[in-house]
Amino acid sequence: MKKKLIVLFLSLALLFTFTACDSNTVAEVNGEKISKDEYQEYVNYLLISYDSMYSSLGGLSPEMLQYFDIENTAINTLVTIEEAKQVCVKLNCMPTKDEMLSYVYKNLGVTKKADYKTALSQIKTNYGLSEETVFKVIVSSLYKENIENYLEKEQDITFSEKEAEALYKEDPETYDNRTVSYILIQPDNTDATTDDSGNTVYTDDAWAAAKAEAEEVITKLDDGGDFAELAKEHSDDSSTASEGGSISEPFTKPESSYVEEFTEAAFALTKVGAYTEKPVKSSSFGYFIILCDGLQDKDNEYEDLIASIAKNNLATLKADAYEEYISDFHEESDVVYYYGDNAGKEAKSDTSGDGSKTESKDTTSKSE
């Protein structure tokens, strides 16, 4: 894998337009430089992350490399982090060193310095990121939180539970949700064939055997069997079986990523602890037995649901305010790129105190 990533990195290097006299700088934000070393670390991190994400497809190909535009993603991310830091200073909401360290510890899941150093060592081994870059990337989220909280107060951004309730009443299905666990019994594929669309076609005997096993599991549940233990014993979905069949995240019907038969059966369960009394057939997967672990609707945890709607909408409004403020700050800042598509360009020419624009300085030199 390491050899492949080196080849990908060299391919990436061929895409750059380099125009800086200072070869150690990839961009500047109001005079603050972003180093080439930091940039290369972050590119390497993105390469490894994407390669791992698509490992089932053979990893990141040169074509995918260009599609994801990693070089510009890296530069733009580092520019935005620097801009957020400068905005924190401007708005006087910069976190203290202790706050930043505590935030990094929390995000790395550590409480002691020794564990922190161990985590950094693992990140260095796996992703090639230095402590400085790890710290900067994690703390950038704290910058964003502080700016959003500042703007919330300054702009009086609110979203009340009364507004949330009105939203809910307009379209309950958008907000009603379920949290479930499931057991999947797949038909035996020994004698299966494939149709013209590439779908697996199981034999009638295989379907019958799978249904019989699913019905047997339901009988065990009826007799007081533990769902999690039965999932570990019977479920053919390895991604959830070890967790007792649990799907930790709630989902709504409109946004469900599960097949229609599964989604409809899940939302037909109207009490926590209820499970499907008959196996739920999906021609794509097999038979499901679904357990309702949690639900929120007008009859269940309604107050919590409304509070959640209000919280999520407030978060969206704060995020929108942040994006608008950062965008305006970017436009008003002296941002110069030395690498990537914007090499040799400034985000905006300088603006004088009376609102008139001065000449944009020429940062382009001969390509190296």
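The values are calculated or read from the model by the stated rules, or taken from the named source; none is laboratory data. Keep in mind it's a predicted model, so treat the numbers as computed, not measured. Please note: Cβ atoms are built from the backbone with ideal geometry, for glycine as well, and neighbour counts cover all protein chains shown.
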Within the set of pairs 6+ apart or on separate chains, which have a first residue in the stretch 181-195 that is under 14 Å from Ala208 (Cβ atoms) and in the same structural domain as Phe288 (by TED's automatic domain parsing), a second that is charged (D, E, K, R) and loosely packed, with under 13 Cβ neighbours inside 10 Å, and C-beta atoms under 9 Å apart?
-> Pro187/Asp205; Asp188/Asp205; Asp191/Asp205
What single numbered condition from (1) modelled with pLDDT of 95 or more; (2) not in a helix (DSSP H, G or I) fails to hold for Lys348?
-> (1)
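Working only within the stretch 98-117, note down all residues that are at negative phi and surrounded by fewer than 16 Cβ atoms within 10 Å (Cβ to Cβ).
Looking only at the stretch 98-117, we keep the residues that are at negative phi, and these are 98-108, 110-117.
Asp98, Glu99, Leu101, Ser102, Lys106, Asn107, Thr111, Lys112, Lys113, Ala114, Asp115, Lys117, listed by residue number.
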If a residue has to be without any contact (Cβ under 8 Å) to a residue 60 or more places away in the chain, under 30 Å from Tyr116 (Cα atoms) and among the aliphatic types (A, V, I, L, M) to count, how many in the stretch 50-103 make the cut?
-> 8
Answer yes or no: is there a residue in the stretch 162-169 that is part of a loop (DSSP other than H, G, I, E, B), of a type in the set (A, V, I, L, M, F, W, C), under 27 Å from the mean Cα position of the chain (by Cα) and under 30 Å from Leu305 (Cβ atoms).
-> no
Tell me which residues, restricted to the stretch 19-63, are among the aliphatic types (A, V, I, L, M), out of contact with any strand residue (DSSP E or B) (no Cβ under 7 Å at 6 or more places or on another chain) and buried (at least 17 other Cβ atoms within 10 Å of the Cβ).
-> Ala20, Val43, Leu46, Leu47, Ile48, Leu60
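For the stretch 294-307, give me each residue that is free of Cβ contacts under 8 Å to residues at least 40 places away in the same chain and within 30 Å of Tyr150 (Cα to Cα).
Glu303, Asp304
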Taking Pro279 as meeting all but one of (1) surrounded by 13 or more Cβ atoms within 10 Å (Cβ to Cβ); (2) touching a Leu at 6+ places or on another chain (Cβ under 9 Å), write down the number of the exception.
-> (2)
Of (1) assigned by TED's automatic domain parsing to the domain that holds Val89; (2) not in a helix (DSSP H, G or I), Lys153 satisfies all except one. Which?
-> (2)
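For every residue, the table says whether it meets (1) modelled with pLDDT under 95; (2) over 30 Å from Gln86 (Cβ atoms); (3) over 29 Å from the mean Cα position of the chain (by Cα); (4) not β-branched (Val, Ile, Thr).
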{"position": "Ala265", "(1), (2), (3), (4)": "no, yes, no, yes"}
{"position": "Val272", "(1), (2), (3), (4)": "no, yes, no, no"}
{"position": "Lys281", "(1), (2), (3), (4)": "no, yes, yes, yes"}
{"position": "Asp297", "(1), (2), (3), (4)": "no, yes, no, yes"}
{"position": "Ala315", "(1), (2), (3), (4)": "no, no, no, yes"}
{"position": "Lys318", "(1), (2), (3), (4)": "no, no, no, yes"}
{"position": "Ala321", "(1), (2), (3), (4)": "no, no, no, yes"}
{"position": "Gly355", "(1), (2), (3), (4)": "yes, no, yes, yes"}
Taking the stretch 189-215, which residues are in a loop (DSSP other than H, G, I, E, B) and loosely packed, with under 15 Cβ neighbours inside 10 Å?
-> Asn189, Thr190, Asp191, Ala192, Asp195, Asp196, Ser197, Gly198, Asn199
